[in-house]
């Protein structure tokens, strides 16, 4: 994995992925006590950065493999990214989703033309389901994070951060990335290593699912004791990836861990101050910037809002609890 | 008023106003039955396009006039735009606001450093209050729409629409603009007349406050019978302006009129499909595109989301009424 692969992904994504804006608000700066720049990946196609990696992976496949169709496991954002990319290429997509994934994510994945196969997290083996479908139909697996072309696709967001920050005269910052398996985090870290080497990438995770923070601290891959629960479904994974962890270990850290209610507070700030809809998992980086400033350094922090696919009930609950007037 | 004044405003705004993205969603295309492109001015500084006109006006003033400070009348979005522009120039801003303006708008205007003077719409004469303050303190009035430099500032959004649409290969479209006094509408219309002459600007207004639609139909300035009420506070004005109406009469129409509940439905679609927070008045153009398609022509419609400064209660009510799962 190196910057050339990310640049190649950027060429393939040009005209397809959106260049998302880098936003700010004086009100957020006041809360954080430093300048806060927000990379609004909730405005990416399908409402999350995952489209970048999915489109990167599908566009890197051979025509023959792609024509037979693709398969993916996902609780929702990767699902929608793969579904849209597959539809754009005119190929079949089968998405294996947990039955308790947010309704919006399941509905959207279907509406984007994918065949959704639901499974019960507690009683069914998704890998066995996926292996059978792949074998029977010749589908190619698009992994959610531990794949070089997926990492390269997510890394294109890092190229944009470097360029947009430089345009504001900013070359030094902590860059907080919402982190699940580490595809987004490691991709951005590789891009910034090449394009903005004075920036430091800080993975942000929800409390109880801080496998990356603990892995970075111990120097080896650590697992979460639970793999579901909490509000931040988008970024709950069992452990960092075999490809993503060495990159994060070399380039990122220390990790930041936020409570679910901090993520909800950050969702409300994104609503009020940025006019953006963030999902809980997509708001953990902003939460870290706003409410864990003691763990940060420097005058400027850059955060990702990684996705905005939130059911209205979850969003309204956050507004109800932490909204202003 | 001509394109040169808008280009001059664009030069003054460069590096200050945001170039807001032109967004889309296949789900919105499906509802509308045509391609829908959304100019997300809710992502502008202060959460609405009004910052463009305010910054344009203040940057066009003489240093001496500006140094004595500015005054504005506004229910909220112009207020915030003027407050931020004044703070950036380091000059005083006095904003006269109705006491029943949305809380968020009053709070934000104060937080941006302006002196807010509240008045009672039913019993007090805001013009008399303003005249006294202007005279006593030498403040210059920044009008909300009927001023050439304000219109030119809003027109910079039209330059961006022309450029962003052309990059997608689009030169023909109905362009629906959320319309109050007509500054935004007439500015965009002037910009598109020069840069995308095959586009047609369609003002959108809430039912009961359709002064522009009626004025365009009759060919002379018509007044609203009421000047408050309804959800769309941002775009309720007594009548089109003396400067804006002739421009709109020459370039725009016919007007589109939507119900408040259509605006709420559009807010929910912006939430779910674009991850954007729209205020009711900022959603009327999207509402017209989604729910009044019979009044439109062509394969593509471009709409503005003019602002996102909505109190959480209003937003939650819309989600409650018209949200999905």
Is it fair to say residue B:236 is within 14 Å of chain A (Cβ to nearest Cβ) and either more than 22 Å from residue B:171 (Cα to Cα) or surrounded by fewer than 20 Cβ atoms within 10 Å (Cβ to Cβ) (or both)? no
Specify the residue that is nearest to the chain's Cα centre (by Cα); the eligible residues are those in the stretch B:96-118 that are in a helix (DSSP H, G or I) and either surrounded by 24 or more Cβ atoms within 10 Å (Cβ to Cβ) or free of Cβ contacts under 8 Å to residues at least 40 places away in the same chain (or both). B:105
Return the pair list, or none, for Cβ contacts closer than 7 Å from residues in the stretch A:35-51 that are more than 10 Å from chain B (Cβ to nearest Cβ) and surrounded by fewer than 24 Cβ atoms within 10 Å (Cβ to Cβ) to residues that are at pLDDT 95 or above and part of a strand (DSSP E or B), at least 6 apart or on different chains. A:35/A:300; A:37/A:22; A:37/A:300; A:37/A:302
Assess whether residue B:166 counts as being assigned to a helix (DSSP H, G or I), at pLDDT 95 or above and in contact with a helix residue (DSSP H, G or I) (Cβ under 7 Å, 6 or more places away or on another chain). no
Note on the stretch A:213-233: residues in contact with a strand residue (DSSP E or B) (Cβ under 6 Å, 6 or more places away or on another chain) and within 14 Å of residue A:185 (Cα to Cα) are A:213
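Quick grid of which residues meet (1) closer than 20 Å to residue B:19 by Cα; (2) at pLDDT below 95:
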{"position": "A:1", "(1), (2)": "no, yes"}
{"position": "A:10", "(1), (2)": "no, no"}
{"position": "A:16", "(1), (2)": "yes, no"}
{"position": "A:19", "(1), (2)": "yes, no"}
{"position": "A:44", "(1), (2)": "yes, no"}
{"position": "A:48", "(1), (2)": "no, no"}
{"position": "A:60", "(1), (2)": "no, no"}
{"position": "A:64", "(1), (2)": "no, no"}
{"position": "A:71", "(1), (2)": "no, no"}
Go over the candidates A:191, A:204, A:213 one by one and state the one that is over 30 Å from residue A:122 (Cα atoms), assigned by TED's automatic domain parsing to the domain that holds residue A:262 and within 17 Å of the chain's Cα centre (by Cα). A:191
Return yes when residue A:266 is more than 14 Å from every other protein chain (Cβ to nearest Cβ) and closer than 23 Å to residue B:45 by Cβ and no when it is not. yes
Picking from A:32, A:17, which residue would you name as being assigned by TED's automatic domain parsing to the domain that holds residue A:161, within 27 Å of residue A:161 (Cβ to Cβ) and within 18 Å of the chain's Cα centre (by Cα)? A:17
Counting only residues that are without any contact (Cβ under 8 Å) to a residue 24 or more places away in the chain, assigned to a helix (DSSP H, G or I) and within 11 Å of another protein chain (Cβ to nearest Cβ), the stretch A:272-311 contains a total of 0
Is it true that residue B:246 is under 30 Å from residue B:149 (Cβ atoms), assigned by TED's automatic domain parsing to the domain that holds residue B:165 and in a loop (DSSP other than H, G, I, E, B)? no
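Report whether or not residue A:77 is closer than 19 Å to residue A:13 by Cβ, modelled with pLDDT under 95, surrounded by 22 or more Cβ atoms within 10 Å (Cβ to Cβ) and within 14 Å of another protein chain (Cβ to nearest Cβ).
yes
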Give the stretch A:203-225 a look and list any residue that's assigned to a helix (DSSP H, G or I) and more than 13 Å from residue A:239 (Cβ to Cβ), or say none. A:217
Going by the conditions given, is residue B:87 more than 20 Å from the chain's Cα centre (by Cα) and within 12 Å of chain A (Cβ to nearest Cβ)? yes
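The values are calculated or read from the model by the stated rules, or taken from the named source; none is laboratory data. Because the structure is predicted, anything quoted here is derived from the model rather than measured. Please note: Cβ atoms are built from the backbone with ideal geometry, for glycine as well, and neighbour counts cover all protein chains shown.
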